[in-house]
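First the structure, in the form of structure tokens, and then the observations on it.
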Amino acid sequence: MRVANTRRVRQIVLVVLGAVVLLGVNVPPAFSYISEWRREQLINSPEYERAFGHWDTIDVPDDRRVNAIHAALLSSGKVLLIAGSGNKEDMFATRALKSLLYDPTTGQSRMIPVPDDMFCGGQTTLPDGRLLVAGGTQRYERLDGAVTNAAGTMTVKNEDPNAPMVLPAGTVFVSPTGVRYRADAETQLPPAQKSGQGRRTQVVASEEPVFVEAVDPGPGALTTAPGQYRIEGLAPDVARNVYGQGQQMTLRKQDYQGTNKAYTFDPVRETWSQVSDMAFHRWYATLTPMSDGRVLTVAGLDGAGEVLNGQTEIFDPTTNTFSERKDLTRYFPTYPAIFETAQAGRMVYTGANAGYGPAEKGREPGFWDTDTGAFAAIPGMRDPDLLETAGSAWLGPVNDQRLAVVGGGGVGESPRSTGRIDYLDLRDPAPHFTAGPSLPEGVRYPNLVDLPDDTMLISGGSRDYRGKGGTNNHIARLLHPDTGRITAAADPAVGRDYHTEALLLPDGRVLTAGSDPLFDDQQNLVPGTFEQRIEIYSPPYLFRGGGRPTITDAPPTLARGQTATIPTPAPEHIRSARLIKASTATHVTTTDMRSVALDTAPTAGGLSVTVPEEPGLTPPGPYLLFLVDDRGVPSVGSMLTVGPDGPRPRE
Ligand SMILES: [Cu+2]
């Protein structure tokens with residue numbers, strides 16, 4: 001084998017050198033051709049794949065390529081890649097709003113239009129397997145210098161305690177000096193709140209913010225004077241109660257604005273349905289699944305492009321409604337990484353986040369108690385000022401209650417980044433971050449994926465903001481939670497920076513998609529192209545030979561505390577059983593990814609597995625059941641539903 005290869009290399013060298021002489025080309029390109037050929041041989045060799053795994057670039061037809069901003073593994077085993085407008089303002093303007101449904105088993109795919117611009121919404125999977133997407137883009141940003149019409153946020157008030165008010169998008173507000181400003185979104189005002197009786201009656205007006213923009217361009221609409229604005233077209237008796245209060249109208253940069261719309265995707269019918277509006281408009285919200293099946297909804301930019309100041313709401317999948325939790329007012333930057341801990345109701349914020357918010361506010365990691373609203377900081381994080389665009393995820397089985405925080409960068413368009421990996425052990429009586437093995441290079445936007453053998457794949461990312469200066473890291477590694485060390489994995493061919501994601505597939509491979517570089521060249525001159533290629537990683541465990549463990553049959557549901565027998569041919573060779581939640585990923589926020597260790601014991605004809613009792617370990621929903629053998633090779637995952645309430649033994 002080796003001799004034959006050497007002979008072939010010699011032949012190639014002679015052919016290439018012949019061409020060099022004949023055509024007079026430079027010698028270095030010829031050698032780079034040879035070294036590339038050698039590299040291809042190496043990375044496709046069985047020895048290499050067994051040690052480092054293998055990446056495959058997937059050929060998606062031209063008409064089915066999307067700007068994958070969001071990714072979700074559905075209970076059907078298919079992957080939904082959501083673009084919405086895909087960070088392309090022309091797509092937003094023409095309502096070319098897309099998602100791609102990709103079947104990793106067959107390679108088939110089909111485009112599904114999305115009913116609203118879900119670009120940069122929040123997402124998670126619900127207990128019944130539906131995907132929830134909340135918020136998205138109401139309006140694109142306007143950068144400094146691109147703003148032609150003065151604009152600002154208006155507070156709209158309703159003083160009528162007997163009537164709600166709906167002002168449609170396009171409503172015109174007129175300033176005290178007669179300048180007209182148009183609202184870009186609908187405003188819904190509940191009735192004013194009335195308390196007391198007779199002379200002691202007090203009315204507190206309801207109010208909502210709305211972004212308004214001068215109808216006419218130019219400096220004539222600039223103002224710094226607060227004032228009351230009348231609404232065009234209202235009857236005089238209505239206009240007495242409903243009006244706007246403006247602060248300043250400027251030509252400053254205008255941030256993206258969020259919608260209050262929310263939708264679910266049915267993985268069986270493969271259709272979108274609208275659910276109730278959120279209480280707030282949100283762009284870059286985090287949705288965290290909770291052990292009771294509801295969804296904690298926090299953070300984002302509001303309908304005026306302002307960072308929300310701690311407004312929290314909860315989605316109930318049984319009624320398909322959001323309700324505000326006025327008692328929960330903790331402020332977070334956008335896309336905060338918040339996970340529910342084993343102690344139901346106690347959240348942990350790793351400090352990782354993506355996008356917006358001042359550097360000095362809400363960046364400290366901590367525990368957040370959603371019963372009391374109390375927040376307790378967690379000390380010890382290295383590079384605490386480099387947590388924007390950091391990745392964080394459960395490390396090993398969630399039963400161990402350990403988290404890893406990987407990489408990250410400075411706030412905003414900062415060139416700074418870190419290779420820090422810090423660990424957090426929640427079972428410690430006084431939890432604090434401890435130093436893990438730092439990566440030799442800085443990494444923003446790392447994709448983290450928990451694998452069935454308990455290792456974590458860390459892939460992609462870039463050293464600078466959105467891959468500036470050609471700084472995409474074409475590197476992947478495996479983090480081993482038992483030793484706390486990292487080992488090399490094969491290099492991905494495709495660079496992934498901003499707007500990128502990775503998901504574990506049912507067959508044990510990992511799908512990566514997206515990447516939204518600011519520029520395509522090292523000099524930062526050529527505007528960036530969205531990366532539309534999908535690349536799939538096959539970890540080393542798929543190259544060990546000798547076959548994979550098999551799940552002959554699996555129950556459609558498993559409840560907390562339930563023991564079930566999983567028929568499998570060689571139960572004595574099964575080392576572990578894991579339930580890995582069908583995850584979603586976007587903007588380094590993978591709050592629903594978790595691997596749950598099951599207690600196991602061989603039985604006649606199979607393996608008995610027991611789901612842990614602690615509700616905080618298993619938010620209900622679709623999970624993949626994997627059996628892993630004594631060589632670390634996983635079965636193909638069996639999709640099943642973990643329900644909130646198990647069949648308890650009757651007393
Ligand atoms: Cu985004």
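The values are calculated or read from the model by the stated rules, or taken from the named source; none is laboratory data. Predicted model only: the values in this text are computed from it and were never measured. All Cβ positions, even for glycine, are placed from backbone atoms using ideal geometry, and neighbour counts span all protein chains on display. The area values use the complete protein model at the heavy-atom level, side chains included, leaving out ligands, DNA and RNA. Shrake-Rupley method; radii C 1.70, N 1.55, O 1.52, S 1.80 Å.
Structural remarks
- Number of residues in the stretch 182-199 that are on the phi > 0 side of the Ramachandran plot and modelled with pLDDT of 95 or more: the value is 0.
- Filter result for the condition that a residue is open to solvent by 50 Å² or more (accessible area, probe 1.4 Å) and hydrophobic (A, V, I, L, M, F, W, C), over Leu143, Leu74, Leu81: Leu143
- Number of positions in the stretch 332-365 that are more than 20 Å from Ser595 (Cα to Cα), more than 16 Å from the ligand (Cβ to nearest atom) and surrounded by fewer than 23 Cβ atoms within 10 Å (Cβ to Cβ): 7
- One residue alone among Leu511, Leu542, Leu518 is in contact with a Pro (Cβ under 7 Å, 6 or more places away or on another chain) and at pLDDT 95 or above, and that residue is Leu511.
- A single member of Thr224, Thr187 is under 40 Å from the mean Cα position of the chain (by Cα), of a type in the set (Ser, Thr, Tyr) and open to solvent by 50 Å² or more (accessible area, probe 1.4 Å), and it is Thr224.
- Residue satisfying all of: in the stretch 509-531; part of a loop (DSSP other than H, G, I, E, B) and within 16 Å of the ligand (Cβ to nearest atom); farthest from Met593 (Cα to Cα) among these: Gly528
- Single residue of Thr312, Thr389 found to be at positive phi, among the hydroxyl-bearing types (Ser, Thr, Tyr), open to solvent by less than 50 Å² (accessible area, probe 1.4 Å) and in contact with a Lys or Arg (Cβ under 7 Å, 6 or more places away or on another chain): Thr389
- Taking the criterion of being in a loop (DSSP other than H, G, I, E, B) and either touching a helix residue (DSSP H, G or I) at 6+ places or on another chain (Cβ under 9 Å) or among the acidic types (Asp, Glu) (or both), the residues of the stretch 141-166 that qualify are Glu141, Asp144, Asn149, Ala150, Glu159, Asp160, Ala163.
- Filtering Pro440, Pro506, Pro492 for residues that are surrounded by fewer than 19 Cβ atoms within 10 Å (Cβ to Cβ) and either part of a loop (DSSP other than H, G, I, E, B) or within 16 Å of the ligand (Cβ to nearest atom) (or both) leaves a single hit, Pro440.
- Among the residues of the stretch 75-93, the one identified as within 16 Å of the ligand (Cβ to nearest atom) and basic (Lys, Arg) is Lys88.
- Failed condition for Gly605, given (1) in contact with a strand residue (DSSP E or B) (Cβ under 8 Å, 6 or more places away or on another chain); (2) on the phi < 0 side of the Ramachandran plot; (3) surrounded by fewer than 17 Cβ atoms within 10 Å (Cβ to Cβ): (2)
- Qualifying residue in the stretch 162-181 (condition: within 39 Å of the chain's Cα centre (by Cα), modelled with pLDDT under 90 and open to solvent by less than 80 Å² (accessible area, probe 1.4 Å)): no
- Evaluation of Pro481 against (1) under 30 Å from Val411 (Cβ atoms); (2) buried (at least 21 other Cβ atoms within 10 Å of the Cβ) (one fails), failing number: (2)
- In the set (1) under 28 Å from Arg548 (Cβ atoms); (2) part of a strand (DSSP E or B), Thr434 fails one condition alone, (1).
- Condition met for Ala585 (open to solvent by less than 10 Å² (accessible area, probe 1.4 Å) and either touching a strand residue (DSSP E or B) at 6+ places or on another chain (Cβ under 8 Å) or within 26 Å of Gly545 (Cα to Cα) (or both)): yes
- In the stretch 99-140, counting only strands (runs of 3 or more DSSP E) that sit wholly within it, the ones holding 1 or more residues that are within 16 Å of the ligand (Cβ to nearest atom) and among the basic types (Lys, Arg) span 137-139.
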